[in-house]
Every structure is written in C-alpha cells, then in structure tokens.
Amino acid sequence: MKQNWKPGNLLNPAPVVMLSCGNKGEKPNIITLAWVGTVCSEPPMLSVSIRKERFSHHMVKESGEFVVNLVPASLTKACDFCGVRSGRETDKFAAMGLTPEKAPNLQFAPQIAESPVSIECRVEQVLELGSHDMFIGRIVGVQTDEALLDEKGKLDLEKADLIAYSHGEYFGLGRKLGRFGFSVRKS
Ligand SMILES: Cc1cc2nc3c(=O)[nH]c(=O)nc-3n(C[C@H](O)[C@H](O)[C@H](O)COP(=O)(O)O)c2cc1C
C-alpha cells in the first residue's frame, strides 16, 4: 500500500555539483547545488536553480556565467562545505584548498581545477519559479581531465568516481547494471 503524501520534491537520486562563479571586482565563489538538470541536447543546455538569498545568486545573474563542476568522491567533503558556508564570509576555494582556474570560454567564472569535468555555461534565461530562480545555461565548453580518456580518446566517466545525492545523503555510484539499449540488444 502506498500512502498519499502532500506535494514535495522527492525526485531521487539527484546530481550534486559544485557551481563556480565570478563577477567583476569580486573573489570567485563556489555553491553546491542539487536542483540541477540537463534540459536540451541541441543546443546543449542545462538548468541550475538557486535561491535569491544565496550569495552566488547575484554573481551568476550579473556576470551571466557559471561553471558546473562534477564531483568525484574525493571532493565530497569540499562539496558539502560549499553547501553549508557562504561566500559572504568565507573564501571557499581557499578554505577547501581548491584552485580557481581560468575557464577558457568564459570571462568571469573560473573552473575548479580539482574537478575532473567542468561545464562552462552562459546564462540564456532566468525563470523566477518561487523559492528558486532557474538559470538555463547554454553550454559553451567542457573541460575534461585527460586521465578520464581511454586509449582511443573516448571519455570513460566511470574513472571519475562521481557521487550522487539522495534524500539528504551523498552516495558513490555503485555497481553497473546495464548499458543504454541493453534490454533489446541481441546477445
Ligand atoms: C547537497 C546540497 C545541495 C544544495 N542544493 C542547492 C540548490 O539546488 N539550490 C540552492 O539555492 N541551494 C542549494 N544548497 C544550499 C547552498 O549550497 C548553500 O546555501 C550555500 O551555503 C550557499 O552559498 P553562497 O551563499 O556562497 O552562494 C545545497 C546545499 C547542499 C549541501
């Protein structure tokens, strides 16, 4: 038997990412986000939802740029820290020993050097939804650690050891269960 619950956000598991941002005359900042999604393949676009009261909000809004950095298990602590401390009073790059590195396709937002995959985005639209503003970002470049490429130059994302977020907790990805289309493939 299922219970009939009131509306709420139970879409799980969620991605968890470290968004890095910059703005003219300001130190770069990092905010951890789970309300994140892929929204279009061509042109490639993703969305991030940020509350207006977050310090990062004005940086993304004013600069019109951000970088979505994927999170390997080794950065779980830094990821959590960037989600509980504000750039208003803390330099999160320095506090977590992270390196802001120039994102080649952006002017203000740096990438996080320690993240294996950094997705450079320019803000295309802002939707004021309620608690959160949804920024739709056009992906203008992707920076990928060479260590993730196989001998043919193909991306092997399993090597990145990424984490996910589910119901307030961080998880490793666990065992592989199948490959896209395996259910209909002839053996
Ligand atoms: C796992 C996790 C996921 C989060 N997801 C979001 C999110 O999607 N949107 C948001 O506005 N805040 C989210 N937060 C909260 C912000 O990361 C947090 O308030 C942060 O301290 C804001 O930093 P800032 O003030 O430097 O921008 C999340 C926090 C954690 C720990």
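Mean projected area of the Cα convex hull of segment 1-105, taken over all directions, amounts to 9.5 nm². When exposed loop sites are taken as chymotrypsin sites (Phe, Trp or Tyr not before Pro) in a DSSP loop with at most 15 other Cβ atoms within 10 Å, the longest stretch of the chain clear of them is 6-179.
Identify the GluC sites (Glu not before Pro) of segment 17-96 meeting these criteria: DSSP loop state and at most 14 other C-beta atoms within 10 Å of the C-beta.
Numbers: sites: Glu26, Glu53, Glu62, Glu65, Glu89; in loops: Glu53, Glu89.
Those satisfying the criteria are Glu53, Glu89.
Shown are His132, His167, whose ranking by accessible area with a 1.4 Å probe and every protein chain present, most to least, is His167, His132.
The listed residues Thr99, Thr38 rank as Thr38, Thr99 when sorted by accessible area, largest first, using a 1.4 Å probe. The mean accessible area for residues of the chain, using a 1.4 Å probe and ignoring ligands and nucleic acids, is 63 Å² per residue.
Taking trypsin sites (Lys or Arg not before Pro) as exposed when DSSP calls them loop (any state but H, G, I, E, B) and at most 15 other Cβ atoms lie within 10 Å, what is the longest stretch of the chain free of them, the sites themselves excluded?
Values: sites that count: Lys2, Lys24, Lys52, Arg88, Lys102, Lys152, Lys154, Arg175, Lys176, Arg179, Arg185, Lys186.
The longest uninterrupted stretch comes out as 103-151.
Looking at segment 151-187, the GluC sites (Glu not before Pro) that sit in a DSSP loop and have at most 10 other Cβ atoms within 10 Å of their own Cβ are Glu151. Taking only protein heavy atoms and a 1.4 Å probe, the accessible area of segment 55-187 is 51% carbon and sulfur. Straight-distance candidates among the lysines for linking to Lys186, with alpha-carbon spacing under 21 Å and chain neighbours fewer than 8 residues away dropped: Lys176. Near the amide H of Ala103, within less than 5 Å, lie the amide hydrogens of Gln111, all on another chain or at least 5 residues away, with H placed in the peptide plane.
Within straight-line reach of Lys52, meaning a Cα separation under 28 Å, sit the following lysines at least 8 residues removed in sequence or on another chain: Lys6, Lys24, Lys27, Lys61, Lys77, Lys92, Lys102.
The values are calculated or read from the model by the stated rules, or taken from the named source; none is laboratory data. Nothing here was measured: the structure is a model prediction, and the numbers come from that model. Heads up, the Cβs are rebuilt from the backbone with ideal geometry, glycines too, and the neighbour counts pull from every protein chain shown. We work out accessible area using only protein heavy atoms, side chains counted, and drop any ligands, DNA or RNA first. Shrake-Rupley method; radii C 1.70, N 1.55, O 1.52, S 1.80 Å.
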